[in-house]
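Some notes on the structure that comes next.
The values are calculated or read from the model by the stated rules, or taken from the named source; none is laboratory data. In this text the structure is predicted, and so the values were computed from the model without any measurement. With ideal geometry, Cβ positions are generated from the backbone for all residues, glycine too; neighbour counts draw on all protein chains shown. These area figures cover heavy atoms from the full protein model, side chains too; ligands, DNA and RNA do not enter into them. Shrake-Rupley method; radii C 1.70, N 1.55, O 1.52, S 1.80 Å.
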Amino acid sequence: MNHIGTAGWSIRSEHAAAFGAGGSHLQRYATRFNAVEINSSFYRPHRPATYTRWAASVPDGFRFAVKMPRTITHEKRLLDSDEELKRFAGEVSALGEKLGPVLIQLPPSLAFAPQTARDFFGEVRAALPGQLALEPRHMSWFGEGVDRLLRQFHIARVAADPALSPAASQLGGWDGFAYWRLHGAPRMYYSAYEPVALKTLAQRLCAVPEAWCIFDNTALGAATTDALQTARQVGGGANPA
């Protein structure tokens, strides 16, 4: 199963014709895509009622990935965050069966500390029993020892682009599902991907049983174009308009 979408569900005017009718941007977005990544949860909490409303507005097969709050990852830096984790878990549980992976994006300055990571992953697993994807951005997180720890806690490591190292561009950790995050290259958040890059990506998506592919090059709308093209190439990951 391929879950293909963008970071957020805004629809620019130049892409409007590619989507079906709907009462909200999310409903229109869901006429073409079967997944979205909620990034706003990184910056501020959302009430359970908001998540419930979002879940009710999309088709049964649609799934939401949700980004973990920065208070946990960037401010507390994985330490003493049990209360915040429980609050976040209570909020996103309102998505019900439409909750996909929780994305844990780490700050570039956060180096791997084995005991801190082990304790944190244990707390996360107690609060969030579903799918977890980790996007580390410090070189110390890319090694077999870290991968073993991620496999122990059933956490997939994101394959990111641009990547800070060759290892960061590859999947790692638990292989129960795969998660790609494409930020745009050569200019992050702005650049569209070349057709050959999207073709290669589509082949990789088709090679795994369950794939998530989120385009984060949203600044000028390239994410929507790239996601639509990728979904067409894999023959799934998008709903008919």
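Structure notes:
- Close Lys-Lys pairs in the chain, where close means Cα under 16 Å and separation is 8 or more or interchain: 4
- Degrees, to the nearest 10: 114-127 long Cα axis against longest axis of the chain: 60 degrees
- With at most 16 other Cβ atoms within 10 Å, longest stretch of the chain clear of loop chymotrypsin sites (Phe, Trp or Tyr not before Pro) (DSSP): 44-188
- Portion, in percent, of the accessible area of region 1-141 that falls on carbon or sulfur, probe 1.4 Å: 54 percent
- Per residue solvent-accessible surface (Å²) - the chain, probe of 1.4 Å: 44 Å²
- Stokes-Einstein diffusion coefficient of region 123-241, Kirkwood radius over Cα pairs, 37 °C, 0.692 mPa s, in µm²/s: 218 µm²/s
- Taking only the alpha carbons of region 156-212, we obtain Rg and Dmax values of 11.4, 31 Å in that order.
- Cα-based values for region 76-139, radius of gyration first and Dmax second, are 12.2, 35 Å.
- More than 23 Å apart - percent of Cα-Cα pairs taken over the chain: 47 percent
- Carbon and sulfur %, accessible surface of region 142-241 computed with the full protein complex present, 1.4 Å: 55 percent
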